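Accompanying notes for the structure given below.
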Amino acid sequence: MKTTRSSRLFTRALNILPGGVDSPVRAFKSVGASPLFIRRASGAYIEDIDGNRFIDYVMSWGPLIHGHAPRGVIKALAAVTRGGTSFGAPSPLEVELGERVRALMPSIERVRFVSSGTEATMSAIRVARAATRRDKIVKFEGCYHGHADPFLVKAGSGALTLGTPTSPGVPAASSSDTLVASYNDLESVVRLFDANRGKIAAVIVEPIAGNIGVVPPADGFLQRLRQLCTADRTLLIFDEVISGFRASAGGAQEVLRVIPDLTCLGKIIGGGLPVGAYGGRANLMDLVSPAGPVYQAGTLSGNPLAMTAGLWCLNHLTPKLYAYLASLGARLAAGLADAARDAEVALQVNAFGSLVTPFFTDRPVRDYASATSSDTALYARFFRGLIARGVYPPPSQFEAWFLSAAHTPRDVDKTIAAARAAMKELSR
Ligand SMILES: *Cc1c(COP(=O)(O)O)cnc(C)c1O
C-alpha cells in the first residue's frame, strides 16, 4: 500500500499541530503506524490522499449512522447554507430539532443544544450540582465523558489508549469531587454512597460503555443504579453521546428501560456536524440560563447547518434501520469470533446492535479490568493487517467499531475475510 502523500503530510502536520492531529486517537500511535489523511468519504467507504480505499468502521467515531455523506444531508445543507451559516439569534430549526429529540426520548422535556459532547456533560453536571446543592459526582472507571476537568479521572477512549488516565493540567481541586466506581460493579457504587451519604449530586454513566470498547451493562446494573440514586436524591445522568439514537431511536434508556434524570447527547444528534445536547425534566432544565441562574452559553449553539444535519439524521431513524444494523453487527461479531477460533487467537467479541469490539483476551470483558487485560500489541498487528487489506478499524483496542446503514452484508463479509487473513498472521 502506497502512503507517500500521507507520510509527507504527517511530517508537515507534526510541525504545526501537536502530534500532527486535532484529536489524539487519530494519530495511530497505539497501533504503531502513521495516520492516513482522508480525502473523501462516501457511504461505508473512505479514501486517503494516496488513493487507497477502505471499508470504514470508525465512521467519525459514531455520528454517521446513515453512512458518509448521505445525499439527503448534502442537499439539505446546501439549501440552508445559501440562507446564512450562523445568526446568533434563534432560528426555527432549533425548535424543530428540540421537539424531535423529545419525541424520541420523552425523558427529555427540555433540551439545550451545544456544540460537542464535552460541553453537554460538563453542563449537565453543573445543572445537577445546582439542583441538588451538592458537589460530588460519581463516574465509572473507563467511562469517557469528554475532556472537561472533572471527568479526566480514569477516563476511557484516547485517555486510556495513550496510557494517561489522569491528565496533568487538571488541578486537584477540579477532580477532588469526582468519585470513581467500577462499571458493572454495583457494590463499588454502594460503598461510595455509604461513605458520602447526602453529598453526591449525580452519578454519570455511559449506559452501554463504549470507550473501553463495547461493554454492555450487566442485568439489573442500571436499574439498581436508578434505585440507589433515587433513594439518596442523587441525579442519574446517562451519557448517551454514543448510545443515543444508536442503541435504538430512543437510545439506551428506551431499550434498557431505565429513565435517567438528565441525558447527554452528541455524535448522531449532529449527523456529522458539531452538535451536542443535554436535557431532562423541565424542573431541572429550567435552572439553565436564561430560564434560571445556571450559566451556560455558546456562540454557535443551535447553528443552522448543524441543526439541519441533525434533523435529517433523526428524521430517518426507522425500526427497519435498527433491525438491519443489528443483523450486520451480529454478522460481524460472529465472523470475527470464528476467524479467531480458526486461527487459534484468544478473542472476546462484545456487541450491542451496531457497536462491536473484538478484545484480544481470553477473559470475558465486562468491566475496565477485563478490558485492559487485552493484548494491545496483538490488536496493533491486527489493525495493520486490516489496513493493508482495505479495512479501516478504530486505531485502538479500546474503541467501538461503528456500523452504518451504508454498510452491506458484502462489506461485512469482505471485512471478515480480511480479518481471517490478518488473524492467521498473528498466530504465526
Ligand atoms: C465522544 C464522547 C463524548 C465527548 O464528545 P465530544 O463531542 O468528542 O466532545 C462524551 N461522552 C461519550 C460517551 C463519548 O463517546
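The values are calculated or read from the model by the stated rules, or taken from the named source; none is laboratory data. Computed from a predicted structure; not experimentally measured. We place every Cβ from the backbone using ideal geometry, glycine too, and count neighbours over all the protein chains shown.
Pairs meeting the criteria (first residue in segment 9-29 and modelled with pLDDT of 95 or more, second residue part of a loop (DSSP other than H, G, I, E, B) and aromatic (Phe, Trp, Tyr), beta carbons under 6 Å, at least 6 apart or on different chains) are Leu9/Phe37. Of all residues in segment 134-171, those satisfying the criterion of being at pLDDT 85 or above and either within 17 Å of Pro216 (Cα to Cα) or assigned by TED's automatic domain parsing to the domain that holds Leu378 (or both) are Lys139, Phe140, Glu141, Gly142, Cys143, Tyr144, His145.
Need at least 2 residues that are of a type in the set (A, V, I, L, M, F, W, C) and closer than 24 Å to Phe360 by Cβ per element, so show me which strands (runs of 3 or more DSSP E) inside segment 1-81 make the cut, counting only ones lying wholly within it.
Numbers: elements: 38-42, 45-48, 53-56.
Qualifying strands (runs of 3 or more DSSP E): 53-56.
With Phe221, Phe245 as the choices, which residue is more than 16 Å from the ligand (Cβ to nearest atom) and either in contact with a Phe, Trp or Tyr (Cβ under 6 Å, 6 or more places away or on another chain) or of a type in the set (Phe, Trp, Tyr) (or both)?
Values: Phe245 fails: more than 16 Å from the ligand (Cβ to nearest atom).
Being more than 16 Å from the ligand (Cβ to nearest atom) and either in contact with a Phe, Trp or Tyr (Cβ under 6 Å, 6 or more places away or on another chain) or of a type in the set (Phe, Trp, Tyr) (or both) holds for just one of Phe221, Phe245, which is Phe221.
Quick check: is even one residue across segment 250-258 over 19 Å from the mean Cα position of the chain (by Cα), at pLDDT 95 or above, in the same structural domain as Thr81 (by TED's automatic domain parsing) and buried (at least 24 other Cβ atoms within 10 Å of the Cβ)? The answer is no, given that none of the residues of segment 250-258 is over 19 Å from the mean Cα position of the chain (by Cα), at pLDDT 95 or above, in the same structural domain as Thr81 (by TED's automatic domain parsing) and buried (at least 24 other Cβ atoms within 10 Å of the Cβ).
Contact map, segment 191-213: first residue near the ligand (Cβ under 10 Å from one of its atoms), second residue among the basic types (Lys, Arg), Cβ cut-off under 8 Å, separation 6 or more or different chains; pairs are Ile204/Lys139; Val205/Lys139.
What number of residues within segment 24-36 are touching a Phe, Trp or Tyr at 6+ places or on another chain (Cβ under 7 Å) and surrounded by fewer than 19 Cβ atoms within 10 Å (Cβ to Cβ)? Full working, then the answer.
Going residue by residue through segment 24-36, those that are touching a Phe, Trp or Tyr at 6+ places or on another chain (Cβ under 7 Å) are 31, 34-35.
Right, trim to surrounded by fewer than 19 Cβ atoms within 10 Å (Cβ to Cβ) and you get 34.
Number of matching residues: 1.
Considering segment 113-146, the residues that are hydroxyl-bearing (Ser, Thr, Tyr) and touching a Leu at 6+ places or on another chain (Cβ under 9 Å) include one that is farthest from the ligand (Cβ to nearest atom), namely Thr132. The residues in segment 249-273 that are within 11 Å of the ligand (Cβ to nearest atom), β-branched (Val, Ile, Thr) and without any contact (Cβ under 8 Å) to a residue 60 or more places away in the chain can be counted, and the count is 0. Filter segment 85-97 down to residues that are small (Gly, Ala, Ser) and touching a helix residue (DSSP H, G or I) at 6+ places or on another chain (Cβ under 9 Å) and give me whichever is farthest from the ligand (Cβ to nearest atom). Residue satisfying both the conditions and the ranking: Ser91. For segment 50-101, which positions are in contact with a Pro (Cβ under 9 Å, 6 or more places away or on another chain) and under 13 Å from Leu273 (Cβ atoms)? Scanning segment 50-101 gives Leu64, Val80, Thr81, Thr85, Ser86, Leu93.
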